[in-house]
Structures are given as structure tokens and as C-alpha cells.
């Protein structure tokens with residue numbers, strides 16, 4: 001267990017606007033990615049996390065604020081960026097070297113002076129999908145604690161079969177089995193002529209089931225070649241590992257009784273009938289599904305934190321122990337990493353109209369809401385119901 005959850009991270013904020021993608025140096029991969037957030041005016045260096053001030057209060061959590069953003073309201077995204085900067089700032093990302101030492105400058109201050117060939121920008125859809133991914137990561141943790149199997153399956157389905165990420169190259173770097181599963185599925189669909197961004201096609205279930213069959217066929221061909229003394233490089237090498245086999249088994253069971261209608265870009269997963277109505281929930285081995293959910297949750301953190309590691313910086317001629325944190329998105333996941341502890345849980349606010357989260361601990365066993373405002377809002381709502389009944 002890491003005993004000191006303090007770390008520092010500084011970002012650069014600014015004034016932002018949303019523009020058509022063609023006004024940037026990005027390529028338009030699909031109408032879904034038709035807009036970008038661009039920095040019109042570079043602002044100040046902002047201390048997002050300070051090693052001297054460990055984030056403990058939920059109201060101070062940058063990650064909780066990010067996960068709570070309503071992606072239908074672009075102004076909420078712009079407000080977040082104006083206050084904390086872009087979640088993937090290239091100015092920060094470019095400052096991995098030690099050039100600042102030769103300019104006798106502090107590392108953070110030198111970051112602002114790094115020249116870019118373009119304005120700071122990010123795809124709007126990428127930011128929205130990052131919000132959904134963080135929200136689902138937190139929701140999956142809560143679903144595991146509550147043994148909410150329907151939510152667990154929908155979240156696993158989203159991360160396995162989402163086709164709308166723009167980094168669909170076969171060479172896309174993925175650190176974990178979960179993300180490599182999604183990458184291989186997208187590449188398979190592309191090779192078979194299935195349109196990657198046409199996630200509402202009627203044969204979506206066919207694309208999924210045929211990919212699952214491809215995994216087994218790939219292993220069969222490998223064994224056949226090896227039996228004849230011939231070398232064979234399997235395409236889906238992660239199928240050797242238990243996580244992929246459990247994913248395959250789970251969806252083979254589910255799709256034998258229902259159809260997967262769509263996995264939409266921002267988290268909506270639709271089956272032809274409610275999961276609670278299919279008999280798999282009567283036959284389900286809950287222990288196996290919970291273990292798969294825990295493996296997926298672990299992968300979600302590994303994928304976001306594999307570029308974060310300790311480093312030695314030189315500040316004012318002295319060696320300083322620090323963290324190498326490339327982006328604000330990485331820093332937010334590092335914050336969440338420290339929030340997950342043996343005695344604490346991250347729970348969703350009990351107010352149905354709120355997408356917020358809070359840290360539950362045994363010292364606050366009755367807490368159900370992320371803030372007093374939500375608690376008061378629900379109380380007033382219940383009071384109005386009682387008055388109507390009278």
C-alpha cells in the first residue's frame with residue numbers, strides 16, 4: 001500500500017472555443033469527430049494537485065468533477081478546461097526531456113515556453129468519451145460492491161465492443177488485455193468490411209459472434225500447424241490468458257439468448273430484451289462474473305496509469321523525488337487510485353438527478369449523497385410527494 005497519496009501536477013489553462021475539425025490539423029475520421037476544442041489564448045500555470053495538499057474532500061476532487069460533467073452541455077466541458085486546462089495538453093506532454101535544466105528554469109515554467117506548430121487542441125468527442133470512461137470506471141467499482149450484475153455486464157460490453165474510438169490502427173498501443181480485446185475486435189470488423197463507426201447496423205450481433213468464433217478458429221489453426229511441426233504466429237495471442245476466455249464465454253452465453261443491438265459512442269448499450277429477463281442470470285456463476293469485473297476494473301486503471309511512474313527532477317540544483325505524469329487525465333486517475341483503499345469505496349450519489357460520486361468510509365456509514373445540496377433536494381422532493389398524498 002502506498003502510504004503517501006500526495007503528488008503534484010501543474011497544467012496550463014486558457015480561453016477555449018469549439019470549432020469545426022477542418023479548422024485544426026486533425027483529420028476528420030467520422031462525423032462523430034467533427035468538432036474540436038481549441039485554445040484561443042494561453043492562460044496561466046495552474047496547480048491542479050499539490051503534494052503538500054492531499055485531496056481528501058469530495059468537493060475538492062478534480063476527478064469527481066470531471067466524471068460529473070454532462071456531455072450534452074458543451075459549456076460544462078469548456079468551463080472545466082478554462083479552469084484546469086485540457087486533459088491532454090501537448091505542452092505538458094512535450095516536456096518529458098530535461099531541456100529546462102539548460103535554460104536555468106523550473107520544469108513547470110519551462111513548459112509554457114515549448115513551441116507548438118499548432119494551437120493547443122483536442123477532439124471534443126475524445127473528451128466526452130473520457131468522461132464516460134471515468135464515470136463507468138467508478139460505476140463498475142460500485143456495481144462490484146453491490147453485486148449489480150446487469151450493470152457489470154453493460155459496462156464490460158461497452159469497453160469490449162465500442163467501435164468509435166479514433167485510434168483504430170492495428171498498431172495502437174494498448175497496455176492491458178481489455179483494451180487489446182477492443183482493439184482486436186475493431187481491427188477484425190474493419191478487415192471484414194464492417195463500418196467501424198456504423199454502430200447501429202442490424203448485424204452488430206453477427207460482428208460480435210463472428211469475432212468470438214475467430215478467436216477459437218485462430219487457436220485451432222495454430223494447434224494444427226504446430227502438430228505438423230510448422231511455426232504459426234497467432235493473431236490473438238491474448239486468448240491464451242484467462243480474461244479473454246472469460247469474456248468470450250460470457251458473451252457466448254448472453255448472445256445465445258438475446259441480441260446485442262448497439263454499443264453507442266457515449267455509453268448506451270442495448271440488448272434485444274432486458275438482461276434480467278434472460279435465463280443466464282439463473283445459471284450465472286456469480287463468482288466468475290465478479291472476478292471478470294474485477295479484472296476489467298484493474299485493466300481500466302492500468303491502462304490510464306501505465307505511463308505514470310516515479311522520477312527524479314532537479315529543481316534549484318537539488319534532487320527532488322516526483323511523479324512523471326504526462327497529462328491531466330493521467331493525474332485524475334492517479335487521484336482515483338489513491339481514493340481506492342481497503343476501508344473506502346467510491347459510490348454514486350443517491351440523487352437520481354445527479355451524476356456525482358463520493359468516497360464512502362466506515363466513519364460515514366449512512367452517507368448516500370455527494371453533497372448537502374443533493375441531500376436537501378431529495379428531502380424536498382420526498383416532502384412534496386407526502387404533501388400530494390395528503
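Readers should treat all values here as calculations from the given coordinates under stated rules, not as data from a laboratory. Predicted model, so just to flag it, every value in this text is computed and none were measured. In this analysis, Cβ positions are derived from the backbone assuming ideal geometry, glycine residues included, and neighbour counts consider all displayed protein chains.
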Out of 278, 37, 69, a Gaussian network model of the chain with alpha-carbon springs under 10 Å gives the largest mean-square fluctuation to 278
Measuring from label point to label point, each 7 Å out along Cα→Cβ, what is the residue 50 to residue 19 span in nm?
3.5 nm
Relative contact order %, segment 41-140, counting alpha carbon pairs below 8 Å whose residues are six or more apart:
31 percent
Using 10 Å bins from zero, what percent of all Cα-Cα pairs in segment 9-340 falls into each bin?
5, 22, 30, 24, 14, 5, 1
If I take every Cα pair under 8 Å that is 6 or more residues apart in the chain, average their sequence separation and divide by the length, what percent do I get for the relative contact order?
18 percent
Quickly estimate the mean residue ellipticity at 222 nm for the chain, helices only: each DSSP H run with n ≥ 4 gives -39500 (n - 2.57), and the total goes over all residues, rounded to 500.
-14000 deg cm²/dmol
